[in-house]
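Below: the structure, in structure tokens.
Every number in this text was worked out from the coordinates using simple rules, so none of it is lab data. As the structure is a prediction and not an experimental result, all values here were calculated from the model. All Cβ positions, even for glycine, are placed from backbone atoms using ideal geometry, and neighbour counts span all protein chains on display.
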Amino acid sequence: MKDKRIILTGGAGGIAAHLARLLSAEGARLCLTDINEQALQDVRQKLSGNAVYTIAANITDAEDRQKIVDETLQEFGGIDILINAAGINPFGVFAKQDPGLIQRTIEINTLGPMLLARAVLPTMLEQNSGQIVNIGS
């Protein structure tokens, strides 16, 4: 993973924060994104690699998705891997969940990652290489 340019969504916590530690230790160049800017900075301070860039962004927002792509390209000059790890998992009985929460879950866990993948695709096609990994839990 040395010098791979990786966008990692949901980078401030859970699976993504653990992945960030592993990838950073392997020498990856990371762009961590999350809606929680302070938590992103906390994770960044714990990473051993020095090529870590953070972007406070919401993957359900079109402008934020484009900002992720544009700033990663500006910082690293390309995108080798997109790891979509952002997500929410509302607890409770599904039949009793608010329809708005169900909609929000679909936007964050499914639609946001798909549209971010679509946003990085032109760069990956131009490079003639790239990988997209979607993680759900």
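A few notes on this one:
- Lysines whose Cα lies under 24 Å from that of LYS67, excluding same-chain neighbours fewer than 8 positions away: LYS4
- Comparing mean-square fluctuations of ASP34, ASP42, ASP80 from a GNM of the chain with C-alpha springs under 10 Å, the top value falls on ASP42.
- Of every Cα-Cα pair in the stretch 32-78, the percent that sits beyond 15 Å: 45 percent
- Stretchable slack from LYS46 to GLU107, in nm (0.36 nm times residue separation minus alpha-carbon distance): 19.0 nm
- Within the shell of other residues whose beta carbon sits under 14 angstrom from the beta carbon of ALA56, the net charge comes to -4, with Lys and Arg scored +1 and Asp and Glu -1.
- Taking other C-beta atoms within 10 Å as the exposure proxy, THR72, THR54, THR9 rank THR54, THR72, THR9 from fewest upward.
- Debye, to nearest 20: dipole size of the chain, +1 on Lys, Arg Cβ, -1 on Asp, Glu Cβ: 360 debye
- Share of alpha-carbon pairs per 5 Å distance bin for the chain, given as whole %: 2, 11, 21, 23, 20, 12, 6, 3, 2, 0
- Note on the stretch 51-119: dipole from Cβ charges, positive end direction compared against ILE55, ALA95, ILE81; the farthest Cα belongs to ALA95.
- Rh (Kirkwood; distinct C-alpha pairs) - the stretch 1-77, Å: 12.0 Å
- Annotation: lysines with alpha-carbon distance below 24 angstrom to LYS2 (same-chain offsets under eight excluded): LYS46.
- Per-peptide packing, taken as the mean over residues of other Cβ atoms within 10 Å, places 23-29, 86-92, 62-68, 10-16 in the sequence 10-16, 23-29, 62-68, 86-92 from highest down.
- Linear extension gain, GLN131 paired with GLN97, 0.36 nm per residue minus alpha-carbon span: 8.8 nm
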